[in-house]
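For reference, the structure discussed in these notes is given below.
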Amino acid sequence: MKLIRWGVALALALSMAACQKSSPGNVDAKRLEAAATNGEWLSYGKDYNEQRFSPLDKVNASNIKDLGLAWYAEFDTDRGQEATPLMVDGVLYTTTAWSKVFAFDAKTGKQLWKYDPGVQGAKGFDACCDVVNRGVAIWKGKVFVGTLDGRLVALDAKTGTVAWTQQTTDNSKPYTITGAPRVVKDKVLIGNGGAEYGVRGYISAYDTATGKLIWRFYTTPNPTGAADGAASDKVMAEKGNATWSDGEWKQTGGGGTAWDSMAYDPQLDIMYFGIGNGTPWNHMKRSGGKGDNLFLSSILALKPDTGEYVWHYQTTPGESWDYTATQHIMLADLNIGGQPRKVLMQAPKNGFFYVIDRATGQLISAKPYTNITWATGVDQKTGRPIENPAARYQTSMVMQVPGPLGAHNWQPMAFNPKTGLVYIPLNVTPFAYADDKGGTYKAGAWNVGVDFVINSLPTDAAQLTALTSLIKGQLLAWDPVNQKAVWTVNHPYFWNAGVLATAGGLVFQGAAEGQFSAYDAANGKALWTYKTGNGVIAAPMSYELDGEQYVAVMVGVGGGGQISAPASMPTRPRLPGRLMVFKVGGKATAPDFQTTTQPAIDLTSVTSTGDVQHGFELFHKNCQVCHGPNASGAWLPDLKKSPMVMTADNWKGVVIDGASASRGMASFARFLSPKDAEDIRAYVLTEARKAAAAPAVAAPTPAG
Ligand code: CA
């Protein structure tokens, strides 16, 4: 009898092992919870806690000097790379710009499959902050990706073939998806972006097996006043609707897009979402300057089964500065005042570091993690910021830190429970906020209600140097219990990279200028660095395979900071993205990038009948966010060197007729007349002539 039982058990165990082997990526809740303490990386932030802490310590201060390249892969896109790869059952899954998915043998780097969703290039117009993608989710043999054009696609983890596709957004509106989905209890959760243009944000839960929509939660009220038949209806009626007043939100949808952060506590069975800014940013235009506008700039706690509201904490009531609360949400157990507390931590754009009781949403503490000028603190009783009265820019312009790029953006932070420190990739980005007087809502365009013309660059060289010298980046080690800085590393450029912490006492971070480095977790001392030859903005991850620890990072600059503030970024041509994987004793080498310099154009006999001053204004209203203030952007095509600027016909062909739509430059015929386009050309020609007279820029750093 005993023998038979053993036999059955053995057969079962064998068949389970075989099943596991035949279906790679067979991730479930048990494995996702276990990933917090093992060498796998099963979700965007490693596991449900999203601490981005690897318990692996085989790479440490004693052998970091021998960390070398194990393998690398190069991709077919040179736009921003923001993904964190997952490592499951010996397979590394990652995504690139344009929402493409790749699977590699995690040991050898052999490509196993790839999936290209075929996003139309013109969709790039709707992406405020580059055509990026932050990664996949994996569950029970399926890999899930959200595409720039709003599809949620389930792929077979073994072959990359499509299992199902759902269009999660209305593609007649400027919705995008750039964030990684997460999976909880057989539901794949996804939000969207588009709040600079004018959309109504929401979060959706789909059945992982079938792709069927299970619930949806809208983060702003229905502008028609009707119920949506959605999970948000009850709380909108009870709390949300009354916090909105008359304003442009009724046309735009109000924003509040949940484009990045999520976390899950399986014991409390609560899911946490970070919610974005309003449309327009300008609270006076959006809602008559009245009301908190729930759930903009909030952390929202929902039940994963139903989308039922549990609690919210609004970081920036009546937000007016693009101060999203979509930044990284991480869960941890901290000892605060002698009590163990289950906390949620966030360092959103507004510059305060929040420690919140994740069961109740009660504020435990909030302190500025960098110099901020819009508020002096957070009222401990009400949880509301104590605002600087000038910050709302209604009577006059205000120069403020942080600006719309935030004191911390999407670049993930990391928490090391051993040091008790959170490592934050920090931005210092001043911005001049002023009411966009007379500006009106234009469907499909940028609708922020803020004057971008005043954020053009000073023409005086000394003033320009003074301005760009204010802009910088830091890696900050923050003690969340005592709410204070422990150490900082200064970076020359502000748009620095996501972070990984490891039990080896290391903090890994790349940088815009191209190096990938390891720092001592206790004091920030640089211990190791590798020149990638390109910029890094993505967060690294680590995994263990056959007894060896690997560290992987996506290489390739881009994203919101690169395209909108190019004057404060390294000058380099766009280079193809790479996945670089390191291990102790790794001996692989990656070839230098092949770079070509865009040849100068001869403007001697080029003329325009356009109005330069009108073109200057139109440029800063329509073109600046991708081509840089004063056409300073060299990263998306450098207009100052573009042959398109040579003739009015070619220029019109691109700007009005959409000749470059397949590469992401959609037609502006909806917003500009041919005469407007020629005025912009006349202005760009003046910048091109200035640039042609200036000294040449430095060559890019070679790969090392
Ligand atoms: Ca935004």
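The values are calculated or read from the model by the stated rules, or taken from the named source; none is laboratory data. Bear in mind that the values here come from a model prediction, so they are computed numbers and not experimental data. Here the Cβ is made from the backbone with ideal geometry for all residues, glycine too, and neighbour counts use every protein chain on show. Each accessible area value is taken on the protein alone, full model and side chains, heavy atoms only, with ligands, DNA and RNA left out. Shrake-Rupley method; radii C 1.70, N 1.55, O 1.52, S 1.80 Å.
Once the chain from LYS234 to SER396 is taken as fully extended at 0.36 nm per residue, the excess over their C-alpha distance is 54.4 nm. Checking every one of the trypsin sites (Lys or Arg not before Pro) in the stretch 399-458 against DSSP loop status and a limit of 13 other Cβ atoms within 10 Å picks out LYS437. Ordering 152-159, 518-525, 602-609 by mean Cβ neighbour count within 10 Å, with the highest value first, yields 152-159, 518-525, 602-609.
Protection proxy ranking, highest mean first, for peptides 36-42, 375-381, 132-138: 132-138, 36-42, 375-381, where packing is the per-residue count of other beta-carbon atoms within 10 Å, averaged.
Placing R0 at 25 angstrom, the Cβ-Cβ distance between ASP76 and LYS110 gives a FRET efficiency of 0.90 after rounding to 0.05.
Placing unit charges on each Cβ (+1 for Lys and Arg, -1 for Asp and Glu) gives the chain a dipole about its Cα centre, and among TYR393, SER660, LEU639 the Cα reaching farthest toward its positive end belongs to SER660. Remark: relative contact order (the stretch 612-693) = 38 percent; criterion is Cα-Cα distance under 8 angstrom and separation of 6 or more residues. Across the options ILE177, TRP528, GLY351, the greatest Cα extent toward the positive end of the charge dipole of the chain (unit charges at beta carbon of Lys, Arg, Asp, Glu) belongs to TRP528. Judged by the mean number of other Cβ atoms found within 10 Å, the most tightly packed of the peptides 645-651, 246-252, 337-343, 472-478 leads the ranking 472-478, 246-252, 645-651, 337-343.
Approximating the spin labels as points 7 Å out from Cα along Cα→Cβ, the SER605-to-LYS140 distance works out to 7.0 nm.
Please report how far the C-alpha centroid of the stretch 454-517 lies from that of the stretch 37-85, rounded to the nearest whole angstrom. Spelled out, the Cα-based centre of one part sits 20 Å from the other. With K and R counted +1 and D and E -1, the other residues having a Cβ less than 12 Å from that of LEU618 yield a net charge of -2. Among the listed pairs LYS142/LYS342; LYS349/LYS472; LYS285/LYS472; LYS437/LYS621; LYS100/LYS158, which are separated by more than 22 Å between their Cα atoms? Beyond 22 Å: LYS142/LYS342; LYS285/LYS472.
Computed about the Cα centre, the dipole magnitude for the chain is approximately 980 debye when only Lys and Arg (+1) and Asp and Glu (-1) carry charge, each at its Cβ.
The alpha carbon convex hull volume per residue for the stretch 612-693 rounds to 80 Å³. Based on C-alpha pairs under 8 angstrom that are at least 6 apart in sequence, the chain has a relative contact order of 13 percent.
Expressed as an acute angle from 0 to 90° and rounded to the nearest 10, what is the orientation of the C-alpha long axis of helix 612-622 relative to the principal long axis of the chain? Helix 612-622 sits at roughly 20 degrees to that axis.
Placing unit charges on the Cβ atoms of the charged side chains and taking the dipole of the chain about its Cα centre, the candidate lying farthest along the positive direction among TRP71, TRP446, PHE125 is TRP71.
From largest to smallest, the equivalent ellipsoid semi-axes obtained for the chain from the alpha-carbon gyration tensor read 39, 30, 25 Å.
Between the alpha-carbon centres of the stretch 95-150 and the stretch 223-277 there is a gap of 27 Å. Full extension of the chain segment joining ASP246 with ASP333 gains 27.1 nm, where the gain is 0.36 nm per residue of separation less the Cα-Cα distance. Given a 1.4 angstrom probe, I'd like the percentage of the accessible area of the chain that is carbon and sulfur, rounded to a whole number. Exposed carbon and sulfur together represent 55 percent of the surface. Entry comment: accessible area of the chain is 36 Å² per residue, from protein heavy atoms only and a probe of 1.4 Å.
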